Amino acid sequence: MAPPIVCGIASALDGGKGRIREAVEAVWDGNGAGALHVAAAHGRTRVCAYLVEELQMDVNDTAVLSGDTPLTYAVRSKKNVDAVRYLLDHDADPNKRVHHGCTPLSIAVGKGICVMVELLLSKGADVNSLSCGGTPLHVAATENHGAVMKILLDYNADDHPVYKMDLADLKLEGSKAYNKKDYSTAVKLYSVAIMKSDSGDATLLSNRSLCFIKMGEGDKALVDAEACRALQPYWPKARFRQGIAHMLLKRGFELLEDISCDMTTKLSELSLAHSHKNIMQDLHGSPA
């Protein structure tokens, strides 16, 4: 049971209407994060329990602006271990990504919080999950978190020699892997290349998005497509990747129609020696 003051606040928000959950869910902070996010961020385990068990709030709810879950809010501080354990024990997804592609594990690794990293791994976090910073092992190496690297390696993190290749070779080998339809290898190569690309590379993000599309992983394809479009807002290929990813997720048929119409207009502006059909094939089916 939550502290009486919390229950009192929840009841006050409801105004005696008997719909406390709806009243609490309607309260957001400036980032679009709800009460469960805030409770998790401050390690208020009893409040989390009240919101999840009494009010039946969604433990995997996402903040409107950032895509953060209560879990990704909580893993940022060592003092929140009990709250993180509670959330994981009540079906929080340890592999759910925020809008910019980070997972709870990559966030905890970046912070260098060993106890949090070990807890997430013990509860099923993917030790080789990909984010814009590469795998958790890449992040740990970049931040010089030696103790975290040891934990990741103990959980069989992949330390493949591909991580030692230079950027040009990674791009070349990624393209070769794609052409062989070895999409998982291409994803790995493009991921390391993205990590080594200091200012962001829209082409690499587009290529990795295409690989995820071919693998049927619409959520990951969309993360990369949106990151690509953020770098190149008017690039037709970025828009098309975004549309296909939405289509895979069955969330964006109207968006896809808008993108297709917009692309038809943009195609007339492109000075390419291709037919309309060939351009569309290029946009959909091959890396840049």
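FYI, it's all coordinate maths here, none of it is from the lab. Just so it is clear, the model here is predicted, and its values are computed rather than measured. Here the Cβ positions follow ideal geometry from the backbone for every residue, glycine too, while neighbour counts run over all protein chains shown.
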Residue-wise HN-Hα coupling along the range 242-249, computed from phi with Karplus coefficients 6.51, -1.76, 1.60 (Hz; x: Gly, Pro): 4, x, 5, 4, 4, 5, 4, 7
Length-normalised contact order of the range 73-164 in % [C-alpha pairs under 8 Å, at least 6 apart]: 24 percent
Could you work out the relative contact order of the range 74-227, using alpha carbon pairs under 8 angstrom and six or more residues apart, expressed as a whole percent? 17 percent
Can you give me the pair-distance distribution of the range 154-201, C-alpha pairs, 10 Å bins, whole percents? 29, 51, 19, 2
Checking a compactness column here: for the range 165-255, what do you get for Rg(Cα) / (2.2 N^0.38 Å), N being the number of residues? 1.03
Charges only on Cβ, +1 for Lys and Arg, -1 for Asp and Glu: so what's the dipole of the range 94-159 about the Cα centre, in debye to the nearest 20? 260 debye
Lys, Arg +1 and Asp, Glu -1 on Cβ, resulting dipole of the range 165-255 about Cα centre, debye, nearest 20: 320 debye
Would you kindly derive the ³J(HN,Hα) couplings of the range 41-55 from the backbone phi angles with the Karplus curve 6.51 cos²θ - 1.76 cosθ + 1.60 (θ = phi - 60°), listing them in order in whole Hz, with x for Gly and Pro? 4, 9, x, 8, 4, 5, 5, 4, 4, 4, 5, 7, 8, 7, 9
Anchor Lys78: lysines whose Cα lies under 30 Å away (excluding residues fewer than 8 positions away in-chain): Lys96, Lys111, Lys123, Lys150, Lys196, Lys220
Place a +1 charge on the Cβ of each Lys and Arg in the range 135-182 and a -1 charge on the Cβ of each Asp and Glu, then give the dipole magnitude about the Cα centre in debye, rounded to the nearest 20. 200 debye
Taking a crude spin-label model, label points 7 Å out from Cα along the C-beta direction, the Asp182 to Lys150 distance in nm is 3.4 nm
So, R0 is 22 Å and r is the distance between the beta-carbons of His100 and Asp198; what FRET efficiency does that work out to, to 0.05? 0.85
